[in-house]
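A short worksheet on the structure shown next.
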Amino acid sequence: MGNNASSEIVRIESLTEDRIEEVRELERSCGLRSFDASWYESELRRESSVFIIAIELGDESGGEPVVGAITGWVVAGDWEVDNLAVSKAHRRKGIGLALMKAAAGRAALLGVQRAVLEVRYGNVAAQTLYHRLGFREAGRRRNYYSDPVEDALLLMCEGEEWGRLLAGLGD
Ligand SMILES: CC(C)(COP(=O)(O)OP(=O)(O)OC[C@H]1O[C@@H](n2cnc3c(N)ncnc32)[C@H](O)[C@@H]1OP(=O)(O)O)[C@@H](O)C(=O)NCCC(=O)NCCS
């Protein structure tokens, strides 16, 4: 992980089976779709999965909860980002960026040259974060989401932008 503010409050590591329940809870609390535990267990066994978590560094009580998570896969040379979640109490501390960078680094090791994702049309917070990393709009999918129904923006990071993202992983 890079030398940024979030490195003082979290450590970034791969998701392990013992943390699956925490990730499911976090995703639900962030209003994101989640799957049952067995789905995560089988995904973790696939080499193409990029599942990474942010764990809050222990305080005096010794607790080290999961406060951020990113899931996604490498499919046919693309890194498809699925969910990105940071607990409400820990937002705007650079954890979302740190998770994206760690996952991008992992995806690059798997030979990926392009990152793709969908984001709710009205999700300004996430879109701002992705734009900062070099993602650009590549399309719009009508009524892609339910609960509530909303369009998705398709964002991609490729070419020079992808190179810049990888070059900046240590920042
Ligand atoms: C989107 C989300 C993951 C961002 O996590 P985070 O840890 O707060 O993000 P960071 O602190 O790394 O933010 C990095 C930059 O993104 C942008 N950003 C993040 N949240 C923002 C907000 N609410 N409004 C505007 N810009 C925002 C800013 O540029 C921010 O940098 P700054 O704080 O120096 O201004 C978090 O808000 C979240 O979990 N939301 C609910 C779930 C969700 O929408 N996930 C994305 C699904 S595609």
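The values are calculated or read from the model by the stated rules, or taken from the named source; none is laboratory data. Keep in mind the model is a prediction, meaning the values are calculated, not measured. Note that each Cβ is placed from the backbone with ideal geometry, even for glycine, and that neighbours are counted across all protein chains shown.
Details
- Condition check for R114: under 21 Å from I20 (Cα atoms), more than 9 Å from the ligand (Cβ to nearest atom) and among the basic types (K, R): no
- The residue that is surrounded by the fewest Cβ atoms within 10 Å (Cβ to Cβ), among those in the range 15-49 that are in contact (Cβ under 8 Å) with a residue 60 or more places away in the chain and away from the ligand (no atom under 15 Å from the Cβ), is E47.
- Helices (runs of 4 or more DSSP H) fully within the range 60-171 that include at least 2 residues being among the small types (G, A, S), crowded, with 19+ Cβ neighbours inside 10 Å and modelled with pLDDT of 95 or more: 95-109.
- Cβ-Cβ under 6 Å pairs, at least 6 apart or on other chains, the range 117-138 side free of Cβ contacts under 8 Å to residues at least 40 places away in the same chain and closer than 17 Å to D151 by Cβ, far side in a helix (DSSP H, G or I) and within 7 Å of the ligand (Cβ to nearest atom): V119/A126
- Being modelled with pLDDT under 95, of a type in the set (G, A, S) and within 18 Å of E118 (Cα to Cα) holds for only one residue in S6, S49, S34, and it is S34.
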